[in-house]
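This report refers to the structure that appears directly beneath it.
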Amino acid sequence: KSITTDMKTLTEEIEKFAEDKKVEIDTLKIREEYRKEFLGNIAHELKTPLFTVQGYILTLLDGAMSDKKVREKYLERANKGVERLIYIVKDLDLITKLEVGDLNLDKEEFDILEVIQSVFDLLEMKASKKRISLTFDMEYSEPVMVYADQEKVQQVITNLLVNSIKYGNEKGTTEVSVENLIANKVIVRVTDNGEGIPKQHIPRLFERFYRVDKSGSRKEGGSGLGLAIVKHIVEAHGERIYVESEEEVGSEFSFTLEKMENKKS
Ligand code: ADP
């Protein structure tokens with residue numbers, strides 16, 4: 001066989017191979033883009049608190065160390081910055097696990113009202129700083145047993161409540177309610193009368209690192225991952241998350257959960 005024929009066959013073979021693998025290559029390309037964007041975002045998120053911490057340390061090294069009061073103040077602020085970094089890294093770790101589907105759900109039976117109460121207790125201080133009242137619209141006087149991963153559901157409620165406080169108005173209200181939806185489902189609603197979300201942002205709200213007001217939200221010090229984590233956890237349970245919001249009026253985030261009664265029958 002001549003070299004030309006060999007080359008032709010080879011080219012044909014490569015083309016066929018490429019054709020077969022096209023879908024795979026496209027997927028790889030998308031994945032690569034996704035990875036690059038993710039890494040870029042991480043670098044961006046970590047940069048601000050790192051520079052802040054470095055700023056305090058440099059000021060201390062520059063002479064602020066000799067004054068006890070000043071020293072304490074700067075160390076405290078540096079520590080706050082480190083705390084924020086830890087918080088971001090923890091969220092990154094969680095979102096990575098959720099995105100690669102590497103997170104096992106540990107489903108059990110528990111009272112959702114008790115979990116909501118425990119989140120209220122945890123966030124009471126944070127809310128009172130903005131004089132926001134956390135209220136519970138009790139339709140039930142009895143426990144509401146659901147079947148889900150308790151720790152993850154607690155994380156969902158925490159993230160939603162933290163947001164309602166962060167984006168809530170001074171002296172505002174956040175209300176949580178649990179209602180029967182259909183036979184085997186309940187719906188948990190977190191409603192605030194805060195700044196609300198402009199319509200055009202709603203479709204992208206659950207994307208990681210997505211923020212409505214970049215500068216404003218940055219001041220609030222989130223990781224931009226809160227809602228992405230919420231969506232992943234809810235969907236990993238096979239449940240759904242909804243959002244309704246109006247600018248200057250407020251927002252309502254709600255998600256469904258499986259009721260226990262049904263499980264037993
Ligand atoms: P972040 O760390 O920025 O709070 P999230 O993923 O939790 O990240 O939220 C994404 C964005 O959605 C926020 O930056 C904010 O603009 C908007 N948002 C979330 N919850 C609320 C809310 N209850 N009211 C108004 N805006 C909200």
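Quick notes on this one:
- On the stretch given as the stretch 83-95, residues that are surrounded by 15 or more Cβ atoms within 10 Å (Cβ to Cβ) and over 21 Å from VAL156 (Cβ atoms) total 2.
- Top-ranked residue of the stretch 211-249 - restricted to ones that are farther than 21 Å from LEU94 by Cβ and part of a loop (DSSP other than H, G, I, E, B), ranked as modelled with the lowest pLDDT: ASP213
Conditions tested, residue by residue: (1) within 15 Å of the chain's Cα centre (by Cα); (2) away from the ligand (no atom under 14 Å from the Cβ); (3) at pLDDT 95 or above; (4) over 20 Å from ILE229 (Cα atoms).
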{"site": "VAL144", "(1), (2), (3), (4)": "no, yes, no, yes"}
{"site": "ALA148", "(1), (2), (3), (4)": "no, yes, yes, no"}
{"site": "LEU161", "(1), (2), (3), (4)": "yes, no, yes, no"}
{"site": "SER164", "(1), (2), (3), (4)": "yes, no, yes, no"}
{"site": "THR173", "(1), (2), (3), (4)": "no, no, yes, yes"}
{"site": "ASN180", "(1), (2), (3), (4)": "no, yes, no, yes"}
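- Top-ranked residue in the stretch 96-129 [being farther than 26 Å from THR174 by Cα and of a type in the set (A, V, I, L, M); ranked as surrounded by the most Cβ atoms within 10 Å (Cβ to Cβ)]: LEU98
The values are calculated or read from the model by the stated rules, or taken from the named source; none is laboratory data. Because the structure is a prediction, the values reported are computed rather than measured. Please note: Cβ atoms are built from the backbone with ideal geometry, for glycine as well, and neighbour counts cover all protein chains shown.
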